[in-house]
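Take a look at the structure below.
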């Protein structure tokens, strides 16, 4: 049972990898957009920050789920 708990927690933490990849792609596209239209940098930056915050929240939720799995299913 303990090994399955560890496996479940490991899978839950993998959301951090997805969030990292998503934030990297979003940042590269935002920089590319600002390079093409510098006058729209304010709108692009605010949209990028909102998207990065949502992606980071997903990673934090995965971490919380992993911690709960470890603590509650011991």
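Coordinate-derived values only; no laboratory data. Computed from a predicted model, the values in this text were never measured in an experiment. Note that each Cβ is placed from the backbone with ideal geometry, even for glycine, and that neighbours are counted across all protein chains shown.
Here are the numbers for the structure shown:
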{"read-out": "Length-normalised contact order for the chain - Cα pairs under 8 Å, 6+ apart - percent", "value": "58"}
{"read-out": "Among 58-65, 35-42, the order from most to least packed when residues are scored by Cβ within 10 Å on average", "value": "58-65, 35-42"}
{"read-out": "Computed P(r) (all Cα pairs; the chain; 5 Å bins; percent)", "value": "3, 17, 19, 15, 12, 10, 8, 6, 5, 3, 1, 0"}
